[in-house]
Amino acid sequence: MSIGILLVTHSGLGHSLLRSARVILAAEPADAEAIDVPGDSDPDAVFELALAACRRLDSGDGILVLTDLFGSTPSNIAGRLTEHHNVLVLAGVNLPMLVRALNYRASPLDELGRKALHGARDGMVMTTRKEAS
């Protein structure tokens with residue numbers, strides 16, 4: 001079992017996250033792609049690209065689709081994929097979420113979604129600074 005991973009994000013973010021994940025994991029993530037959604041793009045044309053990516057990435061276990069800002073054009077495009085393909089969409093993608101998803105992609109789709117969400121939340125930490133004396 002291996003879940004495909006598709007990032008549908010505002011211009012450049014998804015590709016940057018994948019590049020960073022490659023460095024952290026010291027490996028090329030298989031079955032993972034990013035689609036940029038420029039501000040002047042045709043959402044229907046981008047949707048067709050995303051649907052084609054789902055067909056390429058799905059080995060039969062589904063696709064985890066990660067998007068950046070809930071309610072934005074990339075998020076809306078990702079949401080439309082649920083009508084046509086076995087996908088689970090998570091909004092608010094960050095690097096800890098992506099790395100966790102890549103590490104646990106042998107999990108069933110729903111479980112992978114939960115693990116990725118936990119990675120996103122656990123990866124956000126407020127640190128304090130030491131007061132100068």
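5 Å is the cut-off here: which amide hydrogens, built 1.01 Å from N in the peptide plane, fall below it relative to Leu7, excluding neighbours closer than 5 in sequence?
The list, which skips near neighbours in sequence, is Glu33, Ala34, Ile35, Leu66.
Can you tell which of Ile63, Ile24, Ile35 shows the greatest fluctuation in a Gaussian network model of the chain with Cα springs below 10 Å?
Comparing Ile63, Ile24, Ile35 in a Gaussian network model of the chain, the most mobile one is Ile24.
Test of understanding: in a Gaussian network model of the chain with alpha carbons linked when under 10 Å, which of Asp68, Asp31, Asp42 would top the mean-square fluctuation ranking?
Taking springs between Cα atoms under 10 Å, the residue moving most is Asp42.
Carbon-plus-sulfur fraction of the accessible area of segment 1-119, 1.4 Å probe, in percent?
53
Please state the relative contact order of the chain as a whole percent: Cα pairs under 8 Å, 6+ residues apart?
Contact order relative to length: 28 percent.
Can you list the residues, at least 5 places off or on another chain, whose amide H is less than 5 Å from the amide H of Ile63, using H built in the peptide plane?
Sorted by chain and number, the residues that satisfy this are Val87, Leu88.
Which label marks the calculated value of P(r) over Cα pairs in 10 Å bins from 0, in percent, given the options (i) 10, 24, 23, 18, 12, 7, 3, 1, 0; (ii) 14, 47, 33, 5, 0; (iii) 13, 45, 30, 7, 3, 1, 0?
Here P(r) over Cα pairs in 10 Å bins from 0, in percent agrees with entry (iii).
The values are calculated or read from the model by the stated rules, or taken from the named source; none is laboratory data. The structure displayed is predicted, hence computed values, not measured ones. Ligands, DNA and RNA are stripped out before the accessible areas are found, and what is left, the full protein with its side chains, is counted by its heavy atoms. Shrake-Rupley method; radii C 1.70, N 1.55, O 1.52, S 1.80 Å.
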